[in-house]
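Take a look at the structure below.
All of the numbers you see were taken from the coordinates with simple rules; none came from a lab. The structure presented is a predicted model; accordingly, all values stated were derived computationally and were not measured. Cβ coordinates were reconstructed from backbone atoms using ideal geometry, including for glycine residues, and neighbour counts include every protein chain displayed.
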Amino acid sequence: MRSESLDPATIAAITAALMFLGVLASKVSSRLRVPALLVFLAIGMLAGSEGIGGIAFDDHQLAQTVGVIALSFILFAGGLDTTWAEVRPVVGLGALLATVGVLVTSIVVGLLAAVILDVPAVVGLLVGAIISSTDAAAVFSVLRSHSVGLRGTLRPLLELESGSNDPMAVFLTVAFLELATNPDASALGIVPVFVLQMLVGGAVGWVLARVAVPVMNRLRLEYDGLYSVVLIALVLGTFGLASLLGGSGFLAVYVAGIVLGNSVFVHKRSLMRFMDGLAWLMQISMFLVLGLLVFPSDLLPIAVEGLLVAAVLMFLARPIAVLALLLPARYGIRQSVLVSWVGLRGAVPIILATFPLVKDLPEAEVIFDVVFFVVLTSVLIQGTTIPRVASWLGVDVPAAERPAAPLELVGPPGDATDLYDLVVAADAAAAGKQLVDAGLPSGALIVLIGRGDDFALPQGSSILQPGDRVLLLAQQEVLPEARRLLEGPPSS
């Protein structure tokens, strides 16, 4: 059954069925305690030409376009959900992992992949670049399914690295692909291009987000649903403008998400929920399309080579890159080992593996199959053992359950006050104290206390217990002090 021969109604029905299966897959993945990525890809492969669906899909350009757009929304949603106060202590280490760490990983994997696959060195480096970025979203889905949290600054470090290392992987992929297809290209010539892409991408994302906040607050749209349209336009416009100006569109949307997520704008909480749902839709669509693109029969012939490349990545390249950067910064050995092990590969490498296919590189098919095999191996081995490794290293903590809060704030435009969802830590200064004695600064007010599945209005005599979930109404300037009192001092 060829996809181009299907009528619109059939395409709509098939798309709906695959998406619904993707939603059900999230529950299946939680029960099986494996990343949803694996189940999404499996559904796509089963629906493909060699599966029970029989859908023949080999449009590499369309798959790349879908993947790039989907990744833009996923990165924006990740930035939107990033709290700057949490990642600030690790921004230096996160930036190093996202740039130097990716470069070291790609070089180590690339040189050995050239030998394993018997291809030119530049093609091996291309393979290394393609699989050099990590996917923390898959990691945290595994941790949530096991109700496992991470101590200290591990979580924000992993979030920052995974959210910001995709632009470096994209740049290296494009650079090595240019070197592989253009004999006249110069390796030294890519350095200024990289600097330009990072500077322009970061600047465009920051500027557009800063402009978007007052614009959204002053639009006063008649229909609330139109604010979601504005947010979608912002993502597409940020990616497109940054790319047209020679910058990194992926970095631009991630920076824009961080800036917007740490600003105050109308309908913020509802728009963040909307973007979270849209990001899930993009993930499902991306994984299903990539699954359709794979021919399972092509994976068996390269199984040995794929396993060897995956072993180099997991047990040599990633540990070298992480330990070389974190240990000199006096990051604990146990924390560094965990960061190394949770370098889980996701959809980005598979998307990047379509670039050589679109360029008709002679080794493109081998590269795509090897990359797909490496991603599956990483998900199966690392994705299923992360909680066990975290427990063995002693860096895990019970993850707090976070039921949905039955309250949302829609403040006046320009108001610097917002609602924040916090959990009282056992070592926090306010733990075990009455609310009246908690010492919250002026400009911060607890408006709701959640304990288990119940919520209660606070009184002065209410005692804050460890594990309580509180909804804090606070001005931005007093938020750090309020978080310190409720969540405890930052630990490393």
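Tabulated data for the structure shown
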item	result
Cα-based convex hull volume of the chain per residue, rounded to whole Å³	152 Å³
Overall dimensions of region 417-487 by Cα: Rg and Dmax, Å	10.7, 31
Where labels lie 7 Å past Cα in the beta-carbon direction, separation of residue 381 and residue 199 in nm	4.1 nm
Protection proxy ranking of 63-73, 185-195, 121-131 - average other beta-carbon atoms within 10 Å, highest first	121-131, 63-73, 185-195
Sum of -39500 (n - 2.57) over DSSP H runs of 4+, divided by residues of the chain (222 nm, nearest 500)	-19500 deg cm²/dmol
Length released on extending from residue 429 to residue 59, taking residue separation times 0.36 nm less the Cα-Cα span	127.4 nm
Difference of contour (0.36 nm per residue) and Cα-Cα distance, residue 184 to residue 10	57.9 nm
R0 of 22 Å, Cβ-Cβ distance residue 88-residue 215: FRET efficiency to nearest 0.05	0.25
Relative contact order [Cα under 8 Å, 6+ residues apart], the chain, whole percent	21 percent
Order of 166, 418, 396 under a 10 Å beta carbon neighbour criterion, fewest first	418, 396, 166
Distance between modelled label sites at residue 95 and residue 272, nm, 7 Å Cα→Cβ extension	2.5 nm
Modelled FRET efficiency - R0 41 Å, residue 307 with residue 360, Cβ distances, 0.05 increments	0.90
Extension gain (nm, one decimal) between residue 323 and residue 226, 0.36 nm per residue minus Cα-Cα	30.2 nm
